[in-house]
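One structure below.
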Amino acid sequence: MDKFWRWVTNEAGEKPVRTLHMEGYIAESSWFDDDITPKQFKTELYGTGNVTDDIVVKIHSPGGDCFAAAQIYNMLKEYPGHISVQVDGLAASAASVIAMAGDEVVVSPLSVLMIHNPAMFIGGEVSDLEAGINLLSEVKESIINAYQIKTGLSRTKIAHMMNAETWMSAHKAIELKFADRILYEHEPTAEGADGFIFDKLTVTNTLIHKLPGVQAKLPKIVSPHATDSFKEPQDSQGQEIQIPVDQLEKRLELIKNWR
């Protein structure tokens, strides 16, 4: 049994500090107790120690169920003691929502945050699909609430970032107010410090915009019988490999429009 949580209590200081390691997938329930579930989280949050203890929540999670994340977010917001959230590696999707509940959000220099639109599997007739679309729209609005409370960014900007599936480095998370400081740095992070932010839409558009330039060079790298193709010398069977440019463009457009 590999539980998602590990409590570590440090009573060396004047006030005890409990550290909770949240590592795993966020779910409403778990078969093997290895997922982060609201029920188990609440038991651990209030079932041991003093409820006024300061708590450090270390997160490394790819995300999971947004409703389970909402419950955990609320528990942390309502906890009487001070909550410091530390993103150890990855706080993606629903895990990034939980991170917003901290009184302070601290990121490792190597950590990454990711936000995107909620998703679900929908089946049935037109009315079922319409109901699913409406549900996703409302869930997105509720998620934006958590990001806006923390960052102060406009709802429109946050919505665009979610549409594009946005990944943020530690410095970019600080710049956009998703986090407050970076671990191990002695000086405060300067405004506009170097950081990266990228999304699927931007990367795909960049590749699409490069296609005309690549196509212009094709006569130099392919045979006269394949002037509209990329060409690599040979595959493992000694056959020439050709990838039509228009086919590649269609694939990139599919990736771009995928949600």
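The values are calculated or read from the model by the stated rules, or taken from the named source; none is laboratory data. Since we're looking at a predicted model, the values are computed, not measured. Using ideal geometry, Cβ is built from the backbone for each residue, glycine included, and neighbour counts are taken over all protein chains shown.
When residue 145 is tested against (1) within 24 Å of residue 39 (Cα to Cα); (2) part of a strand (DSSP E or B); (3) more than 13 Å from the chain's Cα centre (by Cα), exactly one condition is not met: (2). Considered as a group, the residues in the range 45-56 that are out of contact with any Gly (no Cβ under 7 Å at 6 or more places or on another chain) and modelled with pLDDT of 80 or more include one that is surrounded by the fewest Cβ atoms within 10 Å (Cβ to Cβ), and that residue is 56. For the criterion of being more than 24 Å from residue 75 (Cα to Cα) and within 13 Å of the chain's Cα centre (by Cα), residue 169 passes.
Within the range 91-107, residues that are within 26 Å of residue 136 (Cβ to Cβ) and touching a residue at least 60 places away in the same chain (Cβ under 8 Å) sit with their Cβ atoms under 7 Å from residues that are part of a strand (DSSP E or B) and of a type in the set (Ser, Thr, Tyr), at 6+ positions apart or across chains, in these pairs: 95/61.
Just to check your reading of the model, which residue among 84, 137, 108, 127 is under 16 Å from the mean Cα position of the chain (by Cα) and either over 23 Å from residue 165 (Cα atoms) or not aromatic (Phe, Trp, Tyr) (or both)? Before the answer, list the steps.
Details: 84 fails: under 16 Å from the mean Cα position of the chain (by Cα); 137 fails: under 16 Å from the mean Cα position of the chain (by Cα); 127 fails: under 16 Å from the mean Cα position of the chain (by Cα).
Unique residue meeting the criteria: 108.
Checking each residue in the range 96-110 for being in contact with a Phe, Trp or Tyr (Cβ under 9 Å, 6 or more places away or on another chain) and either surrounded by 20 or more Cβ atoms within 10 Å (Cβ to Cβ) or part of a helix (DSSP H, G or I) (or both) picks out 96, 97, 98, 99, 100, 101, 105, 107.
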